[in-house]
Amino acid sequence: LFNHKEETALVKKLVQFCTGNGQLVELPPRMAAEDFAYYVLEVPGAFFMIGAHGEGENTCYANHHPKFDFEENAMEVGGKVFLRLSAYYVME
């Protein structure tokens with residue numbers, strides 16, 4: 001999975017706008033199996049994640065784990081970013 005540079009720059013800009021400076025964390029490249037890789041072969045895009053694990057050491061379980069839970073406030077951040085992305089492309 002390879003993100004497009006222009007799309008990645010736009011997502012980074014919008015995340016910083018929606019969350020304030022200091023909230024964006026860039027992760028090093030890593031191997032993953034993700035269907036999104038097929039989409040970006042056809043259409044420019046950027047895969048990004050929104051951190052949503054709670055405070056404490058026993059709060060970070062994988063999404064298919066029976067104890068999986070997440071910080072629901074993260075949905076607000078994700079919603080803002082996706083709304084801004086949608087507005088950008090509608091106005092473009």
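What the table below lists for this structure:
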| item | result |
| --- | --- |
| Enumeration of residues in the range 40-68 that are at pLDDT 85 or above, over 15 Å from K5 (Cα atoms) and either surrounded by 10 or more Cβ atoms within 10 Å (Cβ to Cβ) or among the aromatic types (F, W, Y) (or both) | I50 |
| Filter result (surrounded by 10 or more Cβ atoms within 10 Å (Cβ to Cβ) and at pLDDT below 90) within the range 19-39 | T19, Q23, L24, E34 |
| Selection count where residues are part of a loop (DSSP other than H, G, I, E, B) and either among the hydrophobic types (A, V, I, L, M, F, W, C) or in contact with an Asp or Glu (Cβ under 9 Å, 6 or more places away or on another chain) (or both), scope the range 17-31 | 4 |
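The values are calculated or read from the model by the stated rules, or taken from the named source; none is laboratory data. Since we're looking at a predicted model, the values are computed, not measured. Glycine also receives a Cβ, built like all others from the backbone with ideal geometry; neighbour counts cover every protein chain displayed.
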